[in-house]
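Participant: Here you go, one structure.
The values are calculated or read from the model by the stated rules, or taken from the named source; none is laboratory data. The structure presented is a predicted model; accordingly, all values stated were derived computationally and were not measured. Cβ sites come from the backbone with ideal geometry, for glycine too, and all protein chains shown count toward neighbours.
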Amino acid sequence: MTGGSVPSAFQALFFLLGLVFGSFGTVLVERLPAGQSIGGRSRCAHCKKKLRFWELIPAASYLFLIGRCRHCQSPIGWQSLFLELGSAGLFLFALLLHSSSPVGALILALIFWLLLLVTVIDAQTKTIPDLLDIPLFLLCLLHAFLFGPLTVSGLLLGGAFFGAQWALSRGRWVGSGDVFLAVALGIFLGTWQRMLLCLIIAYIVGALIVSILLTAGKVKRGSLIAFGPFLILGALLVFLFGDALALAFL
């Protein structure tokens, strides 16, 4: 990772790219869990009217329509605006981290974008689509190859840890999507030490959040909890602050 000043033209380009990918992300979040095709025109979720091109401009259309469908006046979910602006912010953040390498910044931005989509889908449906896991793994592998460290120990730890749980429970404890996600994050982080730290953080944060939800009565004991968001949070914290966190935990 490299930091430094970034030309404003690159910042504007990455911000716009982030909006576009965020808009596409809303389609993936809605259609992949439902098993629907990702092709075809977008429609209003309520009246099913096809949306015109000017109703699909990322962020701007939501604000212009004041968050409501032009046809039936039903409210448009805030999730679309969150994904568009969130993706734009992640693209900019990736550019700042890889300011001297636009290619590296784009690869990292796409990794961040896919992790955002996985987080949202897993939190909502408790599933992680293979259509996201596969490109995520390939991008993480490419990032590790170009910028290091390219090792398989993190991949082996992540895959073995979740693969064993999946095999022992026959998919009841964790799903195959969690296994593939751990493999992708393992190659992204590199070493087994960094992947171990990711797991420690994920389980600590997960335990705290679940305890709060149990106390508040939001979930019941034995309820299925999406672990992907906690694993992704742990991986990002290790990726950004690995050395400092290693001193604190290990």
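Participant: From the list 161, 145, 137, pick out the single residue that is under 17 Å from the mean Cα position of the chain (by Cα) and of a type in the set (A, V, I, L, M, F, W, C).
Facilitator: Within the list 161, 145, 137, the selection yields 137.
Participant: Return the pair list, or none, for Cβ contacts closer than 8 Å from residues in the stretch 142-168 that are farther than 30 Å from residue 106 by Cβ to residues that are buried (at least 16 other Cβ atoms within 10 Å of the Cβ), at least 6 apart or on different chains.
Facilitator: From the stretch 142-168, the pairs are 161/182; 161/199; 163/179; 165/174; 166/174; 166/175; 166/178; 166/179.
Participant: Let me ask something else. With the checklist (1) within 21 Å of residue 192 (Cβ to Cβ); (2) not assigned by TED's automatic domain parsing to the domain that holds residue 225 in hand, flag the one item residue 117 doesn't pass.
Facilitator: Residue 117 satisfies all of (1) within 21 Å of residue 192 (Cβ to Cβ); (2) not assigned by TED's automatic domain parsing to the domain that holds residue 225 except (1).
Participant: What tally of residues in the stretch 115-132 results from selecting those that are assigned to a helix (DSSP H, G or I) and closer than 16 Å to residue 233 by Cα?
Facilitator: Number satisfying all stated conditions: 9.
Participant: Check the stretch 217-226 and report whether any residue there is of a type in the set (Gly, Ala, Ser), crowded, with 18+ Cβ neighbours inside 10 Å, touching a residue at least 60 places away in the same chain (Cβ under 8 Å) and outside the structural domain of residue 100 (by TED's automatic domain parsing).
Facilitator: Scanning the stretch 217-226 turns up at least one residue that is of a type in the set (Gly, Ala, Ser), crowded, with 18+ Cβ neighbours inside 10 Å, touching a residue at least 60 places away in the same chain (Cβ under 8 Å) and outside the structural domain of residue 100 (by TED's automatic domain parsing).
Participant: Within the stretch 45-53, identify whether any single residue is part of a helix (DSSP H, G or I), surrounded by fewer than 16 Cβ atoms within 10 Å (Cβ to Cβ), of a type in the set (A, V, I, L, M, F, W, C) and modelled with pLDDT under 70, and answer yes or no.
Facilitator: yes
Participant: So which residues in the stretch 72-121 are within 27 Å of residue 146 (Cβ to Cβ) and polar (S, T, N, Q), if there are any at all?
Facilitator: Within the stretch 72-121, 87, 99, 100, 101, 119 meet the criteria.
Participant: Further, regarding this structure: Mind checking whether some residue in the stretch 102-114 is in the same structural domain as residue 242 (by TED's automatic domain parsing), in a helix (DSSP H, G or I), over 30 Å from residue 219 (Cβ atoms) and among the aliphatic types (A, V, I, L, M)?
Facilitator: No; the residues of the stretch 102-114 include none that is in the same structural domain as residue 242 (by TED's automatic domain parsing), in a helix (DSSP H, G or I), over 30 Å from residue 219 (Cβ atoms) and among the aliphatic types (A, V, I, L, M).
Participant: Can you say whether residue 97 is of a type in the set (A, V, I, L, M, F, W, C) and at pLDDT 75 or above, as far as the supplied structure shows?
Facilitator: Here the answer is yes, as residue 97 does meet what is asked.
Participant: Next question, about the same structure. Output the number of residues of the stretch 97-141 satisfying the condition of being closer than 19 Å to residue 183 by Cβ, surrounded by fewer than 19 Cβ atoms within 10 Å (Cβ to Cβ), hydrophobic (A, V, I, L, M, F, W, C) and in contact (Cβ under 8 Å) with a residue 60 or more places away in the chain.
Facilitator: Selection size over the stretch 97-141: 1.
Participant: Taking the stretch 94-122 on its own, how many of its residues are over 11 Å from the mean Cα position of the chain (by Cα) and of a type outside the set (Ser, Thr, Tyr)?
Facilitator: Residues flagged as over 11 Å from the mean Cα position of the chain (by Cα) and of a type outside the set (Ser, Thr, Tyr) within the stretch 94-122 amount to 12.
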